[in-house]
């Protein structure tokens, strides 16, 4: 077993841009949770297939809102190399893909992306744009920009777990497991560390939610806060799939400062806790 220490009315094009960016980072008022749900998280044998559902929903883990897009799906294998998924397709409520597990060890499955968006005024009209300042037309004024990054992920292991795929990317908000994410036991504390651009994310508020919210009155949300080193401890009372969500920064582009972009980063993950 792995060691546990490890705004004026927008144009049609602008509206399309806003919708596209909403799939990347939801606003603070957005109640829908984005998640990647594997069929299982631990596998045995020489090879296996992990089937993964990707969706956003109010209830965990039900298909009742919309699918997640898979344009920015990245899978890292136990040797640190990219793994090509088999995309099954995207329907009205979910996307589905298979991950071939051909090497022993741990796979990191993530949908991660970043981008810039903003607003500006020209000839008295406010408009939206996507991209950097080079996308602005000549004569643009009252420019406000926002940098957004998001990461949604889960982890699966074939055979004995390892930590090669768990190394930080150094970009955006991410969770670096100290307790291996496929060695989680209900009733036992699990330590996780959060980083923002490779640095400890201190005083970060994290929601830790037990799945199956549809079937109980109590939403089962634990609100935790990272320490000065970005560390926190997760404890699951029951075995099952759990959801984790956090973000840092915020504000819409039209609320930003004209002398520099605002910044928002978000992170979500699905973890499985096994019975003792």
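Screening region 114-134 for residues that are loosely packed, with under 13 Cβ neighbours inside 10 Å and not in a strand (DSSP E or B) and picking the one that is modelled with the lowest pLDDT gives 134. Considering only region 211-221, I want to know if a residue exists there that is under 30 Å from residue 64 (Cα atoms), modelled with pLDDT under 95, assigned to a strand (DSSP E or B) and under 20 Å from the mean Cα position of the chain (by Cα). Yes, some residue in region 211-221 is under 30 Å from residue 64 (Cα atoms), modelled with pLDDT under 95, assigned to a strand (DSSP E or B) and under 20 Å from the mean Cα position of the chain (by Cα).
Filtered by the rule that a residue be surrounded by 17 or more Cβ atoms within 10 Å (Cβ to Cβ) and closer than 25 Å to residue 184 by Cα, region 49-73 gives 50, 52, 53, 54, 55, 56, 57, 60, 61, 73.
Has region 26-44 got any residue that is modelled with pLDDT under 95 and in contact with a helix residue (DSSP H, G or I) (Cβ under 6 Å, 6 or more places away or on another chain)? No: zero hits. Contact map, region 85-99: first residue at positive phi and assigned to a strand (DSSP E or B), second residue at pLDDT 95 or above and surrounded by 14 or more Cβ atoms within 10 Å (Cβ to Cβ), Cβ cut-off under 7 Å, separation 6 or more or different chains; pairs are 89/96.
Residues in region 181-197 that are at pLDDT 95 or above, outside any strand (DSSP E or B) and within 18 Å of the chain's Cα centre (by Cα): 181, 182. Considering only residues of region 160-178 that are part of a loop (DSSP other than H, G, I, E, B) and buried (at least 20 other Cβ atoms within 10 Å of the Cβ), which is modelled with the highest pLDDT? Here the residue is 161.
The values are calculated or read from the model by the stated rules, or taken from the named source; none is laboratory data. Bear in mind that the values here come from a model prediction, so they are computed numbers and not experimental data. Every residue, glycine among them, receives a Cβ derived from its backbone with ideal geometry; neighbour counts consider all protein chains shown.
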